[in-house]
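Worksheet: the structure to be examined is printed underneath.
The values are calculated or read from the model by the stated rules, or taken from the named source; none is laboratory data. Because the structure is a prediction, the values reported are computed rather than measured. Backbone-built Cβ (ideal geometry, glycine too); neighbour counts: all protein chains shown. The area values use the complete protein model at the heavy-atom level, side chains included, leaving out ligands, DNA and RNA. Shrake-Rupley method; radii C 1.70, N 1.55, O 1.52, S 1.80 Å.
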Amino acid sequence: MLRKPILLFMLMVSASSAFSQAVSPAQQKKMDAFINNLMSKMTLDEKIGQLNQVSVGFDVTGPIVSKNVNENIEKGNVGAVLNTYTPDAVRKLQQIAVEHTRLKIPLLFGYDVIHGHKTIFPIPLGLASSWDLDMIKQTATIAAQEASADGINWVFSPMVDIARDPRWGRIAEGSGEDTWLGSQIAKAMVQGYQGDTYLNNDKVMACVKHFALYGAVEAGRDYNTVDMSERRMFQDYLPPYKAAVDAGAGSVMSSFNEINGVPASGNKWLMTDLLRKKWGFNGFVVTDYTAINEMIMHGMGETTYDVAKVALDAGIDMDMVGEAFLDNLKQLVKDGKVQPSQIDIACRRVLEAKYKLGLFADPYRYCNDERAQKTIMKPEFLEAATEAAKRSIVLLKNSNNTLPLKTTGSIALIGPLADDHRDMIGPWSGAGDWQKSVSVLEGIKKLAGNQVQINYAKGANITNDDWMIKRLGADQLNNDARPANEMIDEAVNAAKKSDIIVAVVGESYGMSGEAASRSEIGIPSAQEDLLKALKATGKPMVIILMNGRPLTLKWENDNADAMLETWFAGTEAGNAIADVLFGEYNPSAKITATFPQDVGQIPLYYSHKNTGRPYQGDFTDRYKSRYLDISNDPLYPFGFGLSYTTFTYGDVKLSSNTIKPGQLLQISTTVTNTGKYDGTEIVQLYTRQMVGSVTRPVEELKNFKKIFLKAGESQVVNFTISSADLRFYDINMKYTYEPGDFKVFVGTNSRDVKEANFKLTN
Ligand code: NOJ
């Protein structure tokens, strides 16, 4: 590609090529000098322009505000772009910025790279189920390689919102309900995207979102209100954001929700006192899409003039799409309502990000067509996607060892998701090319098509519900026009002539993700009717689930012989599912969000409080914390997932019954593979503080080990904990430990554990 030579900042201090993540004092000095020099030449308008992000191109998640984009870039009114990728498209816009603006300041290009860029990995809730931090990091590394080859230098990920309400469609985008695990995953993803250095152009800047507490929106309804005690915030919801910030995330995105009466995008306590002053964050904060403007609807001001001030005062640096900063900051300065120094601070943060990414030295360093062609969807990335998908698939049920299937006889492969491509890559799959995804039918044919007869029938549409069809759009659902009974009859006939049924059912990709809250979270009724008809044939039935949230699956659990939760498994879904179905891979994943029996139990999570009247199984005792019509139990508890083999746990052994602050307690147990298959087990460690200055949860995850055991093999699994692991926010909101009695639990999930006791002394 022939490029015009760019004479950047000819008279300026030269820009370094790019930054390593840990900024040395010398680098800092050089960067400061460069930016000071640049800013000394910038007009107020040009500084305000840096705080404006426009949407150009492919995806929108709200009103389309960005107009006259080229003209605006040329005027220096734009600091960043979202939704543009490919070297060519990026180059065109970058060229305007660096060849036609007065100061030639390059643009940032951000995009929603959530679970892969072109090679799509399982949705984040699926990836989390692998409990495989190295692998999760690797998926982010690959996403960064592809995205950066495709013109992008900034990704709106990781999404680290703790979510305990599966009605909220965006539970799909995060790691589930647990604070500790969510924090580990947040860190792994930031490291994967950013690496140690931007020196090579195969890394991108991460943007941790949605700051903060977005996963706790009331009633699981998107964009809704959050009202939460400070204790719960600090204890349960804030740590993953903090972990991402501590891992060096270069940017943070403000969330749509309000927090205790103040929207995040106008929340000074959140953005300045906590994020900057307490946590020491020194990157830049971008709002979510039009979130400043939305503060008018929240009731924080009457005009964009009002809310632009609220946002800047709070500590927001960049306005995503809303143009409230662009339209109002100059006037606000003229009116003496905001100080020029506030704009300087925000502008400097944005320029620093560009500097660190090496954009001043080479604005086109992420625009190389040849590299894009060589990098995107290369075979080893697809292999990694298959591996990630296999490690994310959860075996929820397997009576009489129905699975793995034999590669003989005949299979009725039924269901609207059985030969589907679009849904495989799930929600928030931005640039993913669904046409390249592998369907279950294709995966099974490839693996066993020569030995097994496959009788395929669609059997049902994902949903026939008129309301849902209108909401999602008929195109997305790709519905069959045949009457439901005709489709079911065809499927039943296929089942009757087969040895076993494999039914692939669940949600369409649009039924989870953003703006996809559901009040009922079961399998849509068109598919339930199909499952019931299939069950009536008396043939053994395996259910393969695809969905972006925990579902209510009581009937399915009672009636299926085996059940696999495959989430939306990504580009290689069909190949990974076939490997698991036929035992080429023994499933090992464990759910990281509780599956309730019924939507009425929500929020349901393992680390709940005990209450003064805990229900402990005495059915006749009415005055307990319980329901009249259902037990408190989940359908599948946090951490649950089966294997084709069985693991037994020995007693929990402790190195001592007491520890002092600073001392290590050794915890060990012997895990034995007592089944016929080699397999991987995720051994989980939980604790409970029995008495505290404030009440403590009945269980808290503290660690886990993922171990591989050959059939018949045993292994001693060791953990250590110390007083530091037992810290929490005490009655004075001090993060500390308290002496007293503790229980420690080790097990295969949060429910099936063995326990021991110890005391933390003074
Ligand atoms: C809205 C979403 O909430 C956010 O997650 C996303 O990054 C932005 N839109 C940009 O697309």
Please determine whether any residue of the range 569-582 is within 16 Å of the ligand (Cβ to nearest atom) and open to solvent by less than 10 Å² (accessible area, probe 1.4 Å). no
Exception for GLY110 within (1) touching a Leu at 6+ places or on another chain (Cβ under 6 Å); (2) away from the ligand (no atom under 13 Å from the Cβ) falls at (2)
Scan the range 455-468 for residues that are open to solvent by 40 Å² or more (accessible area, probe 1.4 Å) and among the hydrophobic types (A, V, I, L, M, F, W, C) and jot them down. TRP467, MET468
Can you pull out the residues in the range 70-93 that are in contact with a Leu (Cβ under 8 Å, 6 or more places away or on another chain) and either within 16 Å of the ligand (Cβ to nearest atom) or open to solvent by less than 10 Å² (accessible area, probe 1.4 Å) (or both)? ILE73, VAL78, GLY79, ALA80, VAL81, THR84
Scan the range 736-751 and give yes if some residue there is in contact with a Pro (Cβ under 6 Å, 6 or more places away or on another chain), open to solvent by 20 Å² or more (accessible area, probe 1.4 Å) and under 23 Å from SER183 (Cα atoms), otherwise no. yes
Pair list, Cβ < 7 Å and 6+ apart or interchain, from the range 383-405 residues that are within 12 Å of ALA576 (Cα to Cα) to residues that are among the aromatic types (Phe, Trp, Tyr) and open to solvent by 20 Å² or more (accessible area, probe 1.4 Å): LYS390/TYR585
Checklist (1) surrounded by 14 or more Cβ atoms within 10 Å (Cβ to Cβ); (2) within 30 Å of the chain's Cα centre (by Cα) applied to PHE708, failing item: (1)
Can you name every residue in the range 662-714 that is aromatic (Phe, Trp, Tyr) and part of a strand (DSSP E or B)? TYR686, PHE704, PHE708
Run down ILE123, ILE136 and say which single residue is within 16 Å of the ligand (Cβ to nearest atom) and out of contact with any Cys (no Cβ under 7 Å at 6 or more places or on another chain). ILE123
Quick one: would you say ILE96 is surrounded by fewer than 21 Cβ atoms within 10 Å (Cβ to Cβ) and not basic (Lys, Arg)? yes
Name every residue in the range 523-568 that is more than 23 Å from LYS590 (Cβ to Cβ), of a type outside the set (A, V, I, L, M, F, W, C) and not in a helix (DSSP H, G or I), in order of residue number. PRO524, THR537, GLY538, LYS539, PRO540
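Let's see how each residue does on (1) open to solvent by less than 20 Å² (accessible area, probe 1.4 Å); (2) at pLDDT below 95; (3) in a helix (DSSP H, G or I):
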position	(1), (2), (3)
ARG349	no, no, yes
ALA353	yes, no, yes
TYR364	yes, no, no
MET377	no, no, no
GLU387	no, no, yes
LYS390	no, no, yes
TRP428	no, yes, no
GLN451	no, no, no
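So that you can scan it fast, the table gives a plain yes or no per residue for (1) open to solvent by less than 10 Å² (accessible area, probe 1.4 Å); (2) within 16 Å of the ligand (Cβ to nearest atom):
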site	(1), (2)
GLY176	yes, no
GLY182	yes, no
MET189	no, yes
ASP196	no, no
LEU199	no, no
VAL204	yes, yes
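Residues being open to solvent by 10 Å² or more (accessible area, probe 1.4 Å) and away from the ligand (no atom under 13 Å from the Cβ): count how many of those fall in the range 206-223. Don't jump to the end; show me each part of the working.
Within the range 206-223, the first condition is being open to solvent by 10 Å² or more (accessible area, probe 1.4 Å), and the residues that meet it are 216, 218-219, 221-223.
Now narrow it down to the ones that are away from the ligand (no atom under 13 Å from the Cβ): 216, 218-219, 221.
Adding up the residues that qualify gives 4.
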So for the range 297-304 (the condition being more than 26 Å from GLY336 (Cβ to Cβ) and either open to solvent by less than 40 Å² (accessible area, probe 1.4 Å) or without any contact (Cβ under 8 Å) to a residue 12 or more places away in the chain (or both)), does at least one residue qualify? yes
How many residues does the range 484-513 contain that are under 16 Å from VAL452 (Cα atoms) and part of a loop (DSSP other than H, G, I, E, B)? 3
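Report the residue count in the range 510-532 for those that are more than 16 Å from the ligand (Cβ to nearest atom) and more than 24 Å from LYS406 (Cα to Cα). Walk me through how you get there before you give the answer.
Within the range 510-532, the first condition is being more than 16 Å from the ligand (Cβ to nearest atom), and the residues that meet it are 511, 518-532.
Narrowing further to those that are more than 24 Å from LYS406 (Cα to Cα): 511, 518-530, 532.
Summing the residues that are more than 16 Å from the ligand (Cβ to nearest atom) and more than 24 Å from LYS406 (Cα to Cα) in the range 510-532 gives 15.
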Which is touching a helix residue (DSSP H, G or I) at 6+ places or on another chain (Cβ under 9 Å), at pLDDT 95 or above and not assigned by TED's automatic domain parsing to the domain that holds THR402, of LEU654, LEU664, LEU635? LEU635
Name the single residue that is farthest from the chain's Cα centre (by Cα) among those in the range 181-205 being in a loop (DSSP other than H, G, I, E, B) and among the polar types (S, T, N, Q). ASN200
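Identify, please: which residue in the range 206-227 is part of a helix (DSSP H, G or I) and in contact with a Ser or Thr (Cβ under 6 Å, 6 or more places away or on another chain) and is, among those, nearest to LEU82 (Cα to Cα)? Explain how you work it out, then say what you get.
First, pick out the residues of the range 206-227 that are part of a helix (DSSP H, G or I): 214-216, 218-220.
Filter again for in contact with a Ser or Thr (Cβ under 6 Å, 6 or more places away or on another chain), leaving 214, 218, 220.
On the way: TYR214: 21, GLU218: 29, GLY220: 27 Å.
Once the filter is applied, the top-ranked residue is TYR214.
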When you check TYR241 against the structure, is it under 30 Å from GLN94 (Cβ atoms), away from the ligand (no atom under 13 Å from the Cβ), open to solvent by less than 10 Å² (accessible area, probe 1.4 Å) and of a type in the set (Ser, Thr, Tyr), yes or no? no
Out of (1) open to solvent by 40 Å² or more (accessible area, probe 1.4 Å); (2) touching a residue at least 24 places away in the same chain (Cβ under 8 Å), the one ARG727 does not meet is (2)
For the subset of the range 251-270 comprising residues that are away from the ligand (no atom under 15 Å from the Cβ) and open to solvent by less than 20 Å² (accessible area, probe 1.4 Å), which member is nearest to ALA216 (Cα to Cα)? ILE259
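Open to solvent by 10 Å² or more (accessible area, probe 1.4 Å), under 26 Å from VAL338 (Cβ atoms) and more than 15 Å from the ligand (Cβ to nearest atom): which single residue out of LYS67, LYS118, LYS104, LYS30 fits that description?
On the way: LYS118 fails: under 26 Å from VAL338 (Cβ atoms); LYS104 fails: under 26 Å from VAL338 (Cβ atoms); LYS30 fails: under 26 Å from VAL338 (Cβ atoms).
After applying the criteria, what remains is LYS67.
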Go through (1) under 26 Å from GLU514 (Cα atoms); (2) away from the ligand (no atom under 16 Å from the Cβ) and name the single condition ALA147 misses. (2)
